[in-house]
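See structure below.
Please treat every number below as a calculation from the coordinates, not as lab data. Remember, it's a predicted structure, so these values are computed and weren't measured experimentally. All Cβ positions, glycine included, derive from the backbone under ideal geometry; neighbour counts span all protein chains shown.
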Amino acid sequence: MHFMASSDDTTTVAELRKLVADFVAERDWSQFHAPKNVSMALAIEAAELMEHFQWLTLEASRELSSQPEKLAEVAEELADVIGYSFALANELGLDISSAVRAKMVKNAQKYPAEKYRGKYERPKK
Ligand SMILES: [Mg+2]
């Protein structure tokens, strides 16, 4: 994986959340942003993201990162998914950073690195 010179290192989650919140407020779209609707929109955007990979081989899907035009289309769909994730967090008053950190702690407990390194299997319940 490679990273281009990026503003991710200097942009805060709060800034991006505000970008989405302002966009919604300026259009008075909060009335449409019931959590149910936003979660569905998020899933629809995830499907639009998947469409770009639907019929590709695993290898071809990896090569997409070196195809600027296709990569730009994928970036737009990823931005839609993330944008609706922010919108959902905004509607529900969720702190994304806390939620992600807490879930990663849970994931690390569920998939200890020494047991799962280089392999995946569904853990026993
Ligand atoms: Mg889209």
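Among S65, G93, A14, pick out the residue whose Cα is farthest towards the positive end of the charge dipole of the chain, where Lys and Arg carry +1 and Asp and Glu carry -1 on C-beta, about the Cα centre.
It is G93.
Determine the gain in length on full extension of the stretch A14-K119; use 0.36 nm per residue of separation and subtract their C-alpha separation, reporting nm with one decimal.
Stretched out fully, the A14 to K119 stretch lengthens by 34.3 nm.
Counting only helical runs of four or more DSSP H residues, what would the 222 nm mean residue ellipticity of the chain come to if each run contributes -39,500 (n - 2.57) and the total is spread over all its residues?
-20500 deg cm²/dmol
K110 to L56: extension gain in nm, 0.36 nm per residue of separation minus the Cα-Cα distance?
Going from the current span to full extension adds 16.4 nm.
Taking 0.36 nm per intervening residue step and subtracting the Cα-Cα distance, what contour gain separates E73 from K36 on full extension?
On the way: separation 37, 0.36 × 37 = 13.32 nm, distance 2.64 nm.
Gain on stretching E73 to K36: 10.7 nm.
Under 19 Å between alpha carbons, and skipping anything fewer than 8 positions from K18 in its own chain: which aspartates and glutamates qualify?
Partners found: D8, D9, E26, D28, E76, D80, E91, D95.
Size of the dipole of the chain about the Cα centre, Lys and Arg at +1 and Asp and Glu at -1 on the beta carbon, nothing else charged, in debye to 20? It would help to have the intermediate numbers written out before the result.
Working: 16 positive and 20 negative charges, 247 e Å.
The dipole of the chain has a size of about 1180 debye.
Near Q109, within a Cβ-to-Cβ distance under 12 Å, what is the net charge of the other residues, with Lys and Arg +1 and Asp and Glu -1?
Taking every other residue near Q109 into account, the sum is +4.
Straight-line reach only, C-alpha to C-alpha below 21 angstrom: list the lysines that K110 could link to, leaving out same-chain residues fewer than 8 apart.
List returned: K119, K124, K125.
What is the diffusion coefficient of region 3-60 in µm²/s, taking the Kirkwood radius over Cα pairs and the Stokes-Einstein relation at 25 °C with a viscosity of 0.890 mPa s?
The estimated diffusion coefficient comes to 171 µm²/s.
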